[in-house]
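Written out below as structure tokens is the structure these notes cover.
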Amino acid sequence: MPDLPRTKPAALRRDALLDAAERLFRERGFAATSVDAIVAAAGVAKGTFYLYFKSKTASLVALQDRFVFQFRDAIEQAVGAHVDWSDRLDAWITAALNGYLDQTAVHDVVFHEVRPCARRIKSNHLVIQSLALLIEGGAATGAWRTEDARLTAVMLFSALHGAADAAIAGLTPLDRSACLAAVLRFCRRVLGLA
């Protein structure tokens, strides 16, 4: 059990609680994990938990937010390494698909085991916003065409997510390069790049 003295900055205590919650949710499941178990694993007093989260569900929402921010940042870092719009699109799709496949366990526990506010997450998703901005930027330069960048981003994100879920669930063979190639072809076709 980590020893976190009270002199640690608040952000470190909050991160320790989130790290402990994530680990326990993956090991035991959300329903079987108690706040007492989270604080014990984080090495903090129970009252400290409630300084940061109103409930165990609130800690799950915080984990969802953390996942999305980190996921979006990794995608944007990959995209930022490219200048050409089609390369940027390919980098976005590649980073997103690999991110889902590499972080399946965390993704599943924070998004699929319990859905306290799934509609809020889907409708205001930072990753979808990132893709919409990319699509809008490419369309503005004539790199591709789209009637509605936001709707196109929602549909492409859903297709990518569905392909990853199908591969993870064993509905299609988990051949990462073949899955990525299929998703890239699909997304390029939607934007008129095929």
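Do we have Leu193 as modelled with pLDDT of 90 or more and either outside any loop (DSSP other than H, G, I, E, B) or surrounded by fewer than 12 Cβ atoms within 10 Å (Cβ to Cβ) (or both) here? Criteria not met by Leu193. Any residue at all in the range 39-52 that is among the basic types (Lys, Arg), outside any loop (DSSP other than H, G, I, E, B), surrounded by fewer than 20 Cβ atoms within 10 Å (Cβ to Cβ) and modelled with pLDDT of 95 or more? Among the residues of the range 39-52, not one is among the basic types (Lys, Arg), outside any loop (DSSP other than H, G, I, E, B), surrounded by fewer than 20 Cβ atoms within 10 Å (Cβ to Cβ) and modelled with pLDDT of 95 or more, which makes the answer no. For the range 55-76, check the following and say yes or no: at least one residue is β-branched (Val, Ile, Thr), within 16 Å of the chain's Cα centre (by Cα), closer than 20 Å to Cys187 by Cα and part of a helix (DSSP H, G or I). Checking the range 55-76: at least one residue is β-branched (Val, Ile, Thr), within 16 Å of the chain's Cα centre (by Cα), closer than 20 Å to Cys187 by Cα and part of a helix (DSSP H, G or I).
Has the range 74-93 got at least one residue that is open to solvent by 70 Å² or more (accessible area, probe 1.4 Å), charged (D, E, K, R) and over 27 Å from Leu180 (Cβ atoms)? So far as the range 74-93 goes, no, none of its residues is open to solvent by 70 Å² or more (accessible area, probe 1.4 Å), charged (D, E, K, R) and over 27 Å from Leu180 (Cβ atoms). Taking the conditions exactly as written (surrounded by 16 or more Cβ atoms within 10 Å (Cβ to Cβ), farther than 30 Å from Leu193 by Cβ and of a type in the set (A, V, I, L, M)), does Val68 satisfy them or not? Taking the combined requirement at face value, the residue does not satisfy it.
Of all residues in the range 144-194, those satisfying the criterion of being touching a Phe, Trp or Tyr at 6+ places or on another chain (Cβ under 8 Å) and within 14 Å of Ser86 (Cα to Cα) are Trp144, Leu191, Gly192, Leu193.
Mind checking whether some residue in the range 151-160 is surrounded by fewer than 19 Cβ atoms within 10 Å (Cβ to Cβ), touching a residue at least 60 places away in the same chain (Cβ under 8 Å) and either assigned to a helix (DSSP H, G or I) or within 20 Å of the chain's Cα centre (by Cα) (or both)? No, because not a single residue in the range 151-160 is surrounded by fewer than 19 Cβ atoms within 10 Å (Cβ to Cβ), touching a residue at least 60 places away in the same chain (Cβ under 8 Å) and either assigned to a helix (DSSP H, G or I) or within 20 Å of the chain's Cα centre (by Cα) (or both).
Output the residues belonging to the range 24-36 that are assigned to a helix (DSSP H, G or I) and either surrounded by fewer than 16 Cβ atoms within 10 Å (Cβ to Cβ) or basic (Lys, Arg) (or both). Walk me through how you get there before you give the answer.
Keep residues of the range 24-36 that are assigned to a helix (DSSP H, G or I), which gives 24-28, 35-36.
Residues satisfying the conditions are Arg26, Glu27, Arg28, Asp36.
The values are calculated or read from the model by the stated rules, or taken from the named source; none is laboratory data. Predicted, not measured: the structure shown is a model, and the values here were computed from it. Neighbour counts run over all protein chains shown; Cβ positions are idealised from the backbone, glycine included. Note: accessible area is taken over every heavy atom of the protein model, side chains too, but ligands, DNA and RNA are not part of it. Shrake-Rupley method; radii C 1.70, N 1.55, O 1.52, S 1.80 Å.
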